[in-house]
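K.L.:
Pasting a structure below so you can have a look.
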Amino acid sequence: MPAWIPGSYMVRDFARHVVRLRATSGGGEVAAVKLDKQTWRCASCAGPLVVVYEVYAWDLSVRAAHLDTTHGYFNGTSVFLCPTGREHRDCVLELRPPDGTGYARWRVATSMARLEAAPHEFGSYTAADYQELVDHPVEMGEHTFLDFEACGVPHEVVISGRHWADMERVCRDLRRICEYHIRFFGEPAPFDRYVFLVMAVGEGYGGLEHRASCSLMCGRDSLPRAGETEVSDDYRGFLALCSHEYFHAWNVKRIKPAVFTANDLRREVHTRLLWAFEGITSYYDELALVRTGLISPASYLELLGRVSTRVWRGGGRFKQSLAESSFDTWTKFYQQDENAPNAIVSYYTKGALVALALDLVIRRDTAGRRSLDDVMRALWERYGKNATGVPEDGVERMAEEATGLSLQTFFDETLRGTDDLPLADLLAEVGVGFTLRIAESPDDKGGSPGESGADRPKPVLGVRSVPEAGGCRLSHVFDGGAAQLAGLSAGDVIVAVNGIRVWGGALAGAVSRYAVGEEIPVHAFRRDELMQFTVALTAAPVDTCVLTLLDDVDQKTFARRDAWLAAIPASRTSPPL
Ligand code: ZN
């Protein structure tokens, strides 16, 4: 049984959900001995071996398996044993509905090839080998679905969970994104059918890429309702998520690190390239929204400002490089604790900014004749089409080869160094302003200009906190901040600031009454002990990024901005649905 699922780099030990297992042959019992946490060995037998096992499925995420009275969803990595030595044999999957009239309307949604099953029905499905078998998640239940074509390829959107989505609008918008990405890498698409499996839930967010489908989880309110026409913040996020997983169909499912080509799911597989597979994908997922006209350039820059803010707010970016973040993702990025902001950097967010910086450097230094788009297409031609893995230095070498530039210093600084990226200078070249301000509130995600007068020094504790009965629990204490210097720790529950009770989690407000540099007593419980600290309040860091379209720029700068953000020539846009 696999220990991890491709796309989610953490050992999850799916075998722990195998409740019982029994092997037989010709009706007689065959001894099955467990060799380690995830491997069984069956005694030799004359006829075919039958292994029957029960799997507990109660993980409602895109990564595992979940079964209840409303639906069943699974990734093959959670439920299928891999017969050692027969990984390359073809597989037949027989799906049967649960007994009972309550399940008579259940249907099946998957990108797996049908054998004898009718479309959307229970029955037999087939895969050429084990890797293919586990790369087509399956959703069963009473879901809604609608299909569309992108560049002649049938696509399907399947939504499970209660929702009120305007399915036609979702399909219309996704079609633009899909056609953009297919044409980006060049027709034909590398699959003959594609399925978006969406779970609409009250709260939740996530996605996982597969070769001809993706699994997505989103808040049901992020889906647009009939009659709505604007793109809400949440719907913009949903479209970006779909765009992200779809781009992965090329970038990581087919253009993939060489170390992934052995398909070893038993243990961690380390690569320093995740900045390219997650970071570059994160850059293009949002860029595709503005290039297809689904969002405005201003809306795109707001997104970019928020990504930048997330990077600029983490002190860990000075300690961990992107290459290290990628290599250690198994134990660090995927296992974040209260010290994560102080210790690590995200290869998604900083990776996206490195992709942006690389794109802008290439455009600048080739006078607009090349861009990151050319590098991605070259990677597709060299490594994606024929499924040979990308060596650890392959992306850097290809960036130089496809552009004719020497980029060694750029990559040394951005991938292996920890200095901040020179985004202000690079963005100025395309007529975009990059400025920093202080956060206005704990909810301030950045991306938009602050209220006027918001730049006067504001006192802070240097923490992140969550409300807790009777006070405020410190979830994160930042290195070098006022709270840490005073001796406060993550987990402490602050109950009073300067002798006044902290109500309802309003810690920032309780501190704002005082001045930067002022020393005030803070009372907090550590475990069950009440402690007092003397905190010298520090000024709020200038760590909130704002990107704006500059108006007073020359014609050449305007042209460079257009070339960057409006990349689909009119002749290549598709006709309306
Ligand atoms: Zn991703």
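K.L.:
Go ahead and run the numbers for FRET between residue 192 and residue 105, Cβ-Cβ distance against an R0 of 25 Å, rounding to 0.05. Don't skip to the answer; put the middle values down first.
P.N.:
On the way: r = 28 Å, r/R0 = 1.13.
In this case the efficiency is close to 0.30.
K.L.:
Hey, can you grab everything whose amide H is under 5 Å from the amide H of residue 30? Only 5+ residues off in sequence or another chain; H modelled, so Pro and N-termini drop out.
P.N.:
Placed amide hydrogens put 23, 24, 25 under 5 Å from residue 30.
K.L.:
Report, as a whole number in µm² per second, the diffusion coefficient that Stokes-Einstein gives for segment 497-549 at 20 °C and 1.002 mPa s using the Kirkwood radius over alpha carbon pairs.
P.N.:
This corresponds to a translational diffusion coefficient of 163 µm²/s.
K.L.:
While we're looking at this one, here's another question. Taking the full set of protein chains and a 1.4 angstrom probe, give the accessible area of residue 324 in square angstrom, rounded to the nearest 10.
P.N.:
Here the residue's solvent-accessible area equals roughly 90 Å².
K.L.:
What list of ³J(HN,Hα) couplings, whole Hz, do you get for segment 478-493 from phi and the Karplus terms 6.51, -1.76, 1.60, once you set θ to phi - 60° and write x for glycine and proline?
P.N.:
Calculated HN-Hα couplings, in order: 7, 4, x, x, 4, 5, 5, 5, 7, x, 6, 10, 4, x, 5, 10 Hz.
K.L.:
Now for a different question. Can you give the relative contact order of the chain as a percent, counting alpha carbon pairs under 8 Å and 6+ residues apart?
P.N.:
This gives 10 percent for the chain.
K.L.:
Separate question: Length gain on complete extension for the stretch residue 551 to residue 425, per 0.36 nm per residue less the alpha carbon to alpha carbon distance?
P.N.:
Value of the extension gain: 43.7 nm.
K.L.:
Still on this structure, please answer the following. Please give the FRET efficiency for residue 400 paired with residue 44, using the beta carbon to beta carbon distance and R0 = 51 Å, rounded to the nearest 0.05.
P.N.:
0.40
K.L.:
Another question about this same structure. Per residue, how many Å² of accessible area does segment 219-359 show with a 1.4 Å probe?
P.N.:
For segment 219-359, the solvent-accessible area averages 32 Å² per residue.
K.L.:
What is the calculated FRET efficiency for residue 147 to residue 416, with r their C-beta to C-beta distance and R₀ = 51 Å, to the nearest 0.05?
P.N.:
Calculated transfer efficiency: 0.65.
K.L.:
For segment 1-110, just run the numbers: alpha carbon Rg, then divide by 2.2 N^0.38 Å, N being how many residues it has.
P.N.:
Computed over Cα atoms of segment 1-110, the ratio equals 1.19.
K.L.:
Tell me, what ³J(HN,Hα) does each residue in segment 402-411 have, in order and in whole Hz, if you take phi through Karplus 6.51 cos²θ - 1.76 cosθ + 1.60 with θ = phi - 60° and put x for Gly and Pro?
P.N.:
6, 10, x, 9, 8, 10, 4, 5, 4, 5
K.L.:
Could you state the accessible area per residue of segment 100-151 in Å², with a 1.4 Å probe and every protein chain left in place?
P.N.:
Per-residue accessible area for segment 100-151 comes out at 43 Å².
K.L.:
Ordering 183, 310 by accessible area with a probe of 1.4 Å, largest first, what comes out?
P.N.:
310, 183
K.L.:
What Kirkwood hydrodynamic radius do you get for the chain when you take the inverse of the mean 1/r over all pairs of distinct Cα atoms, in Å?
P.N.:
Evaluated on the chain, it is 26.2 Å.
K.L.:
Calculate, in nm to one decimal, what residue 377 and residue 116 gain on full extension: separation in residues at 0.36 nm each, minus their alpha carbon distance.
P.N.:
Difference between extended and current length: 90.2 nm.
K.L.:
If you don't mind, there's one more thing I want to ask. Relative contact order of segment 86-196, please, whole-number percent, based on alpha carbon pairs below 8 angstrom and at least 6 residues apart.
P.N.:
Across segment 86-196, relative contact order equals 24 percent.
K.L.:
In addition: Counting other Cβ atoms within 10 Å, keep those with at most 14, restrict to DSSP loop, and tell me which GluC sites (Glu not before Pro) in segment 466-549 are left.
P.N.:
Hits after loop and neighbour filter: 518.
K.L.:
Using a 1.4 Å probe and counting only protein heavy atoms, arrange 354, 466 so the residue with the most accessible area comes first. It would help to have the intermediate numbers written out before the result.
P.N.:
Details: 354 0, 466 65 Å².
Largest accessible area first, the residues go 466, 354.
K.L.:
Still on this structure, please answer the following. Taking K and R as +1 and D and E as -1, what net charge do the other residues with C-beta under 10 Å from the C-beta of residue 131 add up to?
P.N.:
-3
K.L.:
For segment 139-298, max minus min Cα coordinate along each principal axis, in Å, sorted largest first?
P.N.:
Reported extents, whole Å, longest axis first: 48, 35, 30.
K.L.:
List the equivalent ellipsoid semi-axes of segment 137-214 in whole Å, largest first, each obtained as the square root of 5λ for an eigenvalue λ of the Cα gyration tensor.
P.N.:
23, 13, 12
K.L.:
Once neighbouring chains are kept in place and the probe is 1.4 Å, which whole percent of the accessible area of the chain is contributed by carbon and sulfur?
P.N.:
Using a 1.4 Å probe with all protein chains present, the chain comes out at 50 percent carbon and sulfur.
K.L.:
To continue, here is another question. For segment 38-82, what ratio Rg/Rh do Cα atoms give with a Kirkwood hydrodynamic radius?
P.N.:
1.10
K.L.:
Using Cα atoms only, what is the angle between the long axis of helix 349-365 and the major principal axis of the chain, expressed in degrees (0 to 90) to the nearest 10?
P.N.:
Between helix and principal axis, roughly 80 degrees.
K.L.:
If you take every DSSP beta bridge whose two residues both sit in the chain, what share of them, in percent to the nearest 5, is antiparallel?
P.N.:
On the way: 75 of 90 bridges.
The antiparallel proportion sits near 85 percent.
K.L.:
Below 13 angstrom from the Cβ of residue 311, what's the summed charge of the other residues (Lys, Arg +1; Asp, Glu -1)?
P.N.:
The answer is +3.
K.L.:
For segment 529-534, what does the Karplus curve 6.51 cos²θ - 1.76 cosθ + 1.60, with θ = phi - 60°, yield as ³J(HN,Hα) per residue in whole Hz, taken in order and with x for Gly and Pro?
P.N.:
Using θ = phi - 60°, the values come out as 9, 7, 10, 10, 10, 10 Hz.
K.L.:
Separate question: Give the long-range amide H neighbours of residue 390: residues separated by 5 or more places, or on another chain, with amide H under 5 Å away, using H modelled in the peptide plane at 1.01 Å from N.
P.N.:
Under 5 Å from the amide H of residue 390: 256, 258.
The values are calculated or read from the model by the stated rules, or taken from the named source; none is laboratory data. Remember, it's a predicted structure, so these values are computed and weren't measured experimentally. FYI the Cβ positions are ideal-geometry reconstructions off the backbone, even for glycines, and counts take in every protein chain you see. What goes into the accessible areas is simple: the full protein's heavy atoms, side chains included, and nothing from ligands, DNA or RNA. Shrake-Rupley method; radii C 1.70, N 1.55, O 1.52, S 1.80 Å.
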